[in-house]
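Only one structure is covered here, and it is reproduced in the block below.
The values are calculated or read from the model by the stated rules, or taken from the named source; none is laboratory data. Please read these numbers as outputs of a predicted model, since none were measured by experiment. Heads up, the Cβs are rebuilt from the backbone with ideal geometry, glycines too, and the neighbour counts pull from every protein chain shown. Each accessible area value is taken on the protein alone, full model and side chains, heavy atoms only, with ligands, DNA and RNA left out. Shrake-Rupley method; radii C 1.70, N 1.55, O 1.52, S 1.80 Å.
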Amino acid sequence: DSDRAFYDEMNRRLQSLNRGVRDVLFLNAQNKQTIRRLVGPLRGIGIAAAAILDLDVVEEGGANWKALLDACQVDDSRTPHLETERAYLSAAFSALPELAGGPRSIKTRGINALSPADKARAEALLKELSAYGLFLVPVGELESWLPSQGIRQHGPDWVVNIFSQIGQSEDDPNYLRPGDDDVWKFLDEIADWVNNSKRLGTD
């Protein structure tokens, strides 16, 4: 639910500038495995339901990954290629040196933790998935957005501290206005997919 609240607020700020996703409802799907159970039926009745997942979904593979692609109506002809790239990136992240007991790079740094060549492959994969309304967080996870705010907590504590730090009114001197990168760019890309009448992934 922390993710839902954060994305809703960031999108609200974008809407004040005529950006972001219009007429949107952010839903909490509980976990990666249940997102497909919301996305598939919603798309089936004509709703442009986008899926937002942490980057570590690339470590899943198997039936869960295939079911997610199916829910997002990814063309079957693309499935083998996407699986190859997913498996490659999963191995690339696994090969990164990690501190014992410390946060994993895939969660804290996302694709920026990879070598230039592997990062380029990751960007290509994320771009193709986003064409079907399947958006993986490139920085890893929710708590890796807005690093300039210096919030290091996780989960609900992170959201509470972010909200207390970025102001709630445009009259607040601490009010954080949208930029052109980071989470703002991510939500604008989702809006582009939703607003595209020729988008892939919906009937």
Next item on the list: Run down the lysines and flag those whose C-alpha is under 26 Å from the C-alpha of LYS107, throwing out any fewer than 8 positions away in its chain.
Entry: LYS32, LYS66, LYS119, LYS127, LYS185
Check: Percent of accessible area on the chain owned by carbon and sulfur, 1.4 Å probe?
Finding: 50
Check: Probe 1.4 Å, all protein chains in place: accessible area of LEU17 in Å², nearest 10?
Finding: 90
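Sorting LEU136, LEU99 by accessible area (1.4 Å probe), largest first, what list results? Could you put the intermediate results ahead of the total?
Values: LEU136 5, LEU99 145 Å².
Largest to smallest exposure gives the sequence LEU99, LEU136.
What percent do you get for the relative contact order of the chain when only Cα pairs under 8 Å and 6+ apart count? All intermediate terms of the calculation are to be shown ahead of the outcome.
On the way: 234 pairs, mean separation 58.9, N = 203.
Relative contact order for the chain comes out at 29 percent.
Please give the charge dipole size of the chain, origin at the Cα centre, charges +1 on K and R Cβ atoms and -1 on D and E Cβ atoms. Round to the nearest 20 debye. Mind showing how you got there, number by number?
Details: 23 positive and 31 negative charges, 58 e Å.
Charge dipole, the chain, about its Cα centre: 280 debye, nearest 20.
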Notebook entry, point to check: Summing -39500 (n - 2.57) over the DSSP H runs of n ≥ 4 in the chain and dividing by its residue number, what mean residue ellipticity at 222 nm do you reach, to the nearest 500 deg cm²/dmol?
Noted result: -15000 deg cm²/dmol
Checklist line | Accessible surface of LYS32 - all protein chains present, 1.4 Å probe, nearest 10 Å² | finding: 60
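Leaving out ligands and nucleic acids, note down the accessible area per residue over region 1-152 with a 1.4 angstrom probe, in whole Å².
Numbers: 7470 Å² over 152 residues.
For region 1-152, the per-residue accessible area is 49 Å².
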Checklist line | Approximate spin-label separation ASP203-HIS154, in nm, with each point projected 7 Å along Cα-to-Cβ | finding: 4.1
Notebook entry, point to check: If you stretched the chain out fully between THR34 and ALA87, how much longer would it get, using 0.36 nm times the residue separation minus the C-alpha to C-alpha distance?
Noted result: 16.9 nm
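So between ASP181 and ARG19, what do we pick up on full extension, going 0.36 nm a residue minus the alpha carbon distance?
Values: separation 162, 0.36 × 162 = 58.32 nm, distance 1.31 nm.
Taking 0.36 nm per residue and subtracting the Cα distance, the gain is 57.0 nm.
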Note to self: Within region 164-182, list the residues whose amide N lies under 18 Å from a label point set 7 Å along Cα→Cβ of LEU96.
What the structure shows: 182
Note to self: Probe radius 1.4 Å, ligands and nucleic acids left out: which of ARG152, ARG12, ARG22, ARG109 has the largest accessible area, and how do the rest follow?
What the structure shows: ARG152, ARG22, ARG109, ARG12
Item checked: Cα→Cβ-extended label distance, 7 Å offset, between LYS127 and GLN168, nm -> 4.1
